[in-house]
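Novice: Please find one structure pasted underneath; my questions will follow.
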Amino acid sequence: MTDVFSLRPLAAVLAAAVGIVTIVASKRSPNVREGFTVLSAVSALGIVASMVPGVLNGTTYVTDLGTFVPGVRFVLRADPLGMIFALLASLLWLITSFYSIGYMRGLDEHAQTRYFAAFAGSVSAALGVAFASNLIVLYVFYELLTVATYPLVTHDETEEARKAGRKYLAYTFGGGVAALAGTALVFLTTGTVEFSAGGIAALANADPVVARAAFALLVAGFGVKAALMPVHSWLPDAMVAPTPVSGLLHAVAVVKSGVFGIARVILDVYGPDAVGSLGVGLPLAAVAAFTIVVASIIALRQDNLKRRLAYSTVSQLSYIVLGLALLSPAALVGGLLHIPAHAFMKLTLFFCAGVIHVETHTDDISDMAGIGRRMPLTMIAFTVASLGMAGLPLVAGFVSKWYLLIGSIEAGQTVFVFVLLASGLLNIGYFWPVIYQAFFQTPEDSDAKPLIEFPIGGVRAVADGGSKDSVAEGEQYAVDRNPSDHVAVADGESDHDAATDGESDHDHHHGGAPAGGWERRRLGTESTWFMMAPITIAAAGAIVLGVVPQTAVFLALVQRVVADVTGVVF
């Protein structure tokens with residue numbers, strides 16, 4: 001690798017950060033404000049994309065801003081691992097910006113300027129995480145990401161949103177403290193916190209007890225945002241945020257920053273050899289496997305679509321951690337490739353949930369019988385992404401999970417092969433009812449019972465014939481409440497005003513098919529192009545990654561990372 005001084009890593013971070021200023025300055029003109037949002041996203045993506053050819057050819061772009069704290073310099077560094085995250089974040093920010101315009105306008109949301117500004121701040125912090133050259137710089141941007149995303153989690157300004165926001169801060173700042181403690185231990189032990197492909201050499205000769213303690217603190221700290229169990233519960237609760245924010249949390253920035261931090265620790269702080277000799281890889285793999293299976297089982301019992309997707313994310317993120325923890329070259333490729341694969345698939349799924357919400361005010365799977373008539377392109381895209389999440393061929397998830405299966409065998413840990421296969425079946429278990437209801441049932445002949453009727457699966461009150469209103473509130477309607485929902489209000493009163501008068505939108509309307517059933521729509525006419533185009537592009541991205549992953553750049557970057565760390569060339 002050849003280091004070349006360049007301002008481009010810093011420029012990418014600043015392109016998104018400057019967007020905050022221009023968005024706020026143009027708050028009185030929504031069209032101009034949203035134009036600046038798109039311009040910032042295009043600028044950041046263009047700068048990041050301009051570095052991809054050089055990085056693939058062995059060039060590392062470095063911006064050195066001088067000494068930050070004694071013994072540590074503030075350096076931004078665009079290397080292959082950082083480029084995976086940076087390219088993903090900047091590309092999906094552009095797609096999500098258009099979707100956000102359609103979503104926020106479609107629901108006539110309040111505080112849209114704050115929303116778009118916080119979004120830009122979140123992506124700026126995510127790019128800082130991607131380009132951090134050492135643990136201290138990574139920690140700074142990691143915490144800034146928490147601060148920037150808090151206004152998005154609490155956007156609705158309801159008590160439920162504020163409660164979710166407080167929980168989000170408690171978990172993520174707590175994780176940050178653990179990561180900082182681990183960083184301090186590494187620095188005291190080795191005298192450096194700089195990332196180096198294959199790990200910091202001095203850690204191989206460090207006191208094993210101290211090295212294991214530092215590893216545990218770092219992985220636990222980053223594992224909060226990676227939603228490893230048992231520190232995962234903030235993520236489903238954060239689904240109270242608007243749906244584009246859910247996409248940001250699950251596909252673009254926050255959770256990916258967690259798994260990215262773990263990747264840095266395993267690949268560039270300790271290195272696979274040190275992780276193996278210290279014996280910390282297998283316990284981490286066991287935690288990941290536990291999370292994969294248990295989160296998938298919990299997803300079976302969620303009737304709210306976004307909560308089902310949230311627990312799906314908890315499960316799928318641990319595929320990445322599992323691949324990293326197994327340490328074999330193929331497993332590393334599978335784990336790292338699942339970062340963009342999961343991003344495109346999960347963003348598609350959340351986009352679909354959002355457009356269903358905007359157009360039909362329907363959030364619950366039991367209300368979606370026959371909705372494929374009303375939302376044909378949306379549900380086709382949902383089906384494509386679901387197939388990929390289950391690991392079926394021709395979609396992104398198949399390629400990454402294939403590498404994970406091969407990597408598990410290479411590592412001599414065939415038990416994880418069965419975990420991956422079982423998870424695929426569970427994915428089918430919680431996605432198939434949504435698809436089946438949408439295309440093969442009508443509101444008149446639908447069966448609201450869950451796939452599994454004993455307590456592991458489904459909402460018991462519905463399965464037993466009880467009313468959905470009788471189910472505990474937190475279990476049923478935890479997302480996209482007012483003011484995100486339209487509320488029938490008197491003339492002159494805003495949705496937000498009505499929503500704060502103590503009566504929720506779900507008191508008026510639970511969604512579902514109108515009288516007479518769903519109206520039949522042609523493909524692509526179910527909503528505005530602001531929302532339908534991003535859904536189509538995200539789903540197409542998932543297919544491209546599944547059919548020609550090498551052409552899509554991400555696999556080439558992943559293979560470069562693994563070659564630099566292990567010496568194995570694919």
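Novice: Output the 0 to 90 degree angle, nearest 10, between the alpha-carbon long axis of helix 112-131 and the longest principal axis computed from the alpha carbons of the chain.
Specialist: The angle comes out near 30 degrees.
Novice: Quick check: the angle from helix 8-25's long axis to the longest principal axis of the chain, C-alpha only, nearest 10 degrees?
Specialist: With rounding to tens, the tilt is 30 degrees.
Novice: Using a 1.4 Å probe, what is the accessible area per residue for the chain, in Å²?
Specialist: For the chain, the per-residue accessible area is 34 Å².
Novice: If you plug each phi of segment 237-244 into the Karplus form 6.51 cos²θ - 1.76 cosθ + 1.60 with θ = phi - 60°, what whole-Hz ³J(HN,Hα) values come out, in order, with x for Gly and Pro?
Specialist: 5, 5, 6, 5, 6, x, 4, x
Novice: A follow-up question, please. Provide, as a two-decimal number, the C-alpha radius of gyration of segment 267-311 over 2.2 N^0.38 Å, N being how many residues it has.
Specialist: Here the Cα radius of gyration is 1.67 times the empirical estimate.
Novice: For A202 and R162, what does the FRET efficiency come to when R0 = 35 Å and r is the distance between their Cβ atoms, rounded to the nearest 0.05?
Specialist: Once the sixth-power term is evaluated, E becomes 0.20.
Novice: Got a sec? Which residues in segment 354-377 would a label at R105 touch, if it sits 7 Å along Cα→Cβ and we count backbone N under 16 Å?
Specialist: 355, 358-359
Novice: With no solvent and one point on each alpha carbon, what is the Debye value of log10 I(q)/I(0) for the chain at q = 0.06, 0.12 Å⁻¹?
Specialist: -0.27, -1.13
Novice: With angles folded into 0 to 90 degrees, how steeply does helix 554-566 sit against the dominant principal axis of the chain? Use alpha carbons for both and round to 10.
Specialist: Approximately 30 degrees, to the nearest 10.
Novice: Right, here's the next one. Tell me the Kirkwood hydrodynamic radius of segment 247-382 in angstroms, computed as one over the mean inverse distance between distinct C-alpha pairs. Walk me through the intermediate numbers first.
Specialist: On the way: mean 1/r = 0.0621 Å⁻¹.
For segment 247-382, inverting the mean 1/r across all distinct Cα pairs yields 16.1 Å.
Novice: Can I ask one more? Quick one: net charge around V219, please, counting Lys, Arg +1 and Asp, Glu -1 for every other residue with C-beta under 12 Å from its C-beta. It would help to have the intermediate numbers written out before the result.
Specialist: Working: positive: R212, K225, R264; negative: none.
Here the count lands on +3.
Novice: If amide H atoms are built 1.01 Å from N in the plane of the peptide, which residues on other chains or at least 5 residues away come under 5 Å of the amide H of A132?
Specialist: Here the answer is R77, since their amide H atoms fall under 5 Å of that of A132.
Novice: Give the accessible area for W402 in Å² (nearest 10); use a 1.4 Å probe, count only protein heavy atoms, and leave out ligands, DNA and RNA.
Specialist: For W402, solvent-accessible area is about 130 Å².
Novice: Quick one: how many lysine pairs in the chain have C-alpha atoms under 22 angstrom apart, if they're 8 or more apart or on different chains?
Specialist: The number of close lysine pairs in the chain is 17.
Novice: Order the peptides 391-398, 77-84 from the highest to the lowest mean number of other Cβ atoms within 10 Å of their residues.
Specialist: The most tightly packed comes first, giving 77-84, 391-398.
Novice: Related question: Please give the net charge around A197, taking every other residue with its beta carbon less than 13 angstrom from that of A197, where Lys and Arg add +1 and Asp and Glu add -1.
Specialist: In short, -3.
Novice: If you don't mind, another one. Taking θ as phi - 60°, what are the ³J(HN,Hα) couplings along segment 82-87 by the Karplus curve (6.51, -1.76, 1.60), each to the nearest whole Hz, with x for Gly and Pro?
Specialist: Working through the residues one at a time gives x, 5, 4, 6, 5, 5 Hz.
Novice: Can you give the charge dipole size of segment 120-188 about its Cα centre, rounded to the nearest 20 debye, using +1 on the beta carbon of Lys and Arg and -1 on the beta carbon of Asp and Glu?
Specialist: On the way: 4 positive and 5 negative charges, 33 e Å.
The dipole of segment 120-188 has a size of about 160 debye.
Novice: Another question about this same structure. Taking the Cα centre of the chain as origin, work out the dipole magnitude from +1 charges on Lys and Arg Cβ and -1 charges on Asp and Glu Cβ, in debye rounded to 20.
Specialist: Numbers: 32 positive and 43 negative charges, 317 e Å.
Roughly 1520 debye, rounded to the nearest 20.
Novice: Right, something else. Using Cα centres only, tell me the gap between segment 383-413 and segment 30-94 in whole Å.
Specialist: Distance between centres, Cα-based: 29 Å.
Novice: Read phi for every residue in segment 285-295 and hand back ³J(HN,Hα) as whole Hz from Karplus 6.51 cos²θ - 1.76 cosθ + 1.60, θ = phi - 60°, with x for Gly and Pro.
Specialist: 4, 5, 4, 4, 4, 4, 5, 4, 6, 5, 5
Novice: For D3, what residues show an amide H to amide H distance below 5 Å, using hydrogens built from the backbone and excluding near sequence neighbours?
Specialist: T60
Novice: Related question: L135: net charge of surrounding residues, Cβ under 11 Å, Lys/Arg +1, Asp/Glu -1, itself excluded?
Specialist: -1
Novice: Mind grabbing the base-10 log of I(q)/I(0) for segment 212-273 at q = 0.12, 0.20, 0.27 Å⁻¹? Debye formula, identical points on the C-alpha positions, no solvent, two decimal places.
Specialist: Scattering profile of segment 212-273, log10 relative to I(0): -0.33, -0.75, -1.08.
Novice: For the chain, with all protein chains present and a 1.4 Å probe, just round the carbon and sulfur fraction of the accessible area to a whole percent.
Specialist: Result for the chain: 64 percent of the exposed heavy-atom area is carbon or sulfur.
Novice: Let me ask something else about it. G517's amide H: which non-local residues (gap 5+, or another chain) put their own amide H closer than 5 Å, with H modeled 1.01 Å from N in plane and none for Pro or chain starts?
Specialist: The list, which skips near neighbours in sequence, is empty: none.
Novice: Where Rh is the Kirkwood radius over the Cα pairs of segment 378-424, the temperature 10 °C and the viscosity 1.306 mPa s, what D in µm²/s does Stokes-Einstein return?
Specialist: This corresponds to a translational diffusion coefficient of 143 µm²/s.
Novice: Taking only DSSP H segments of four or more residues, each worth -39500 (n - 2.57), what value at 222 nm results for the chain once the sum is divided by all its residues, to the nearest 500 deg cm²/dmol?
Specialist: The helix-only estimate for the chain comes to -21500 deg cm²/dmol at 222 nm.
Novice: While we're looking at this one, here's another question. Of all alpha-carbon pairs in segment 1-121, indicate the percentage at a distance above 27 angstrom. Could the numbers behind the result be given before it?
Specialist: On the way: 2024 of 7260 pairs.
Value for segment 1-121 (Cα pairs over 27 Å): 28 percent.
The values are calculated or read from the model by the stated rules, or taken from the named source; none is laboratory data. Please read these numbers as outputs of a predicted model, since none were measured by experiment. In this analysis, Cβ positions are derived from the backbone assuming ideal geometry, glycine residues included, and neighbour counts consider all displayed protein chains. SASA here: full protein model, heavy atoms, side chains in, ligands and nucleic acids out. Shrake-Rupley method; radii C 1.70, N 1.55, O 1.52, S 1.80 Å.
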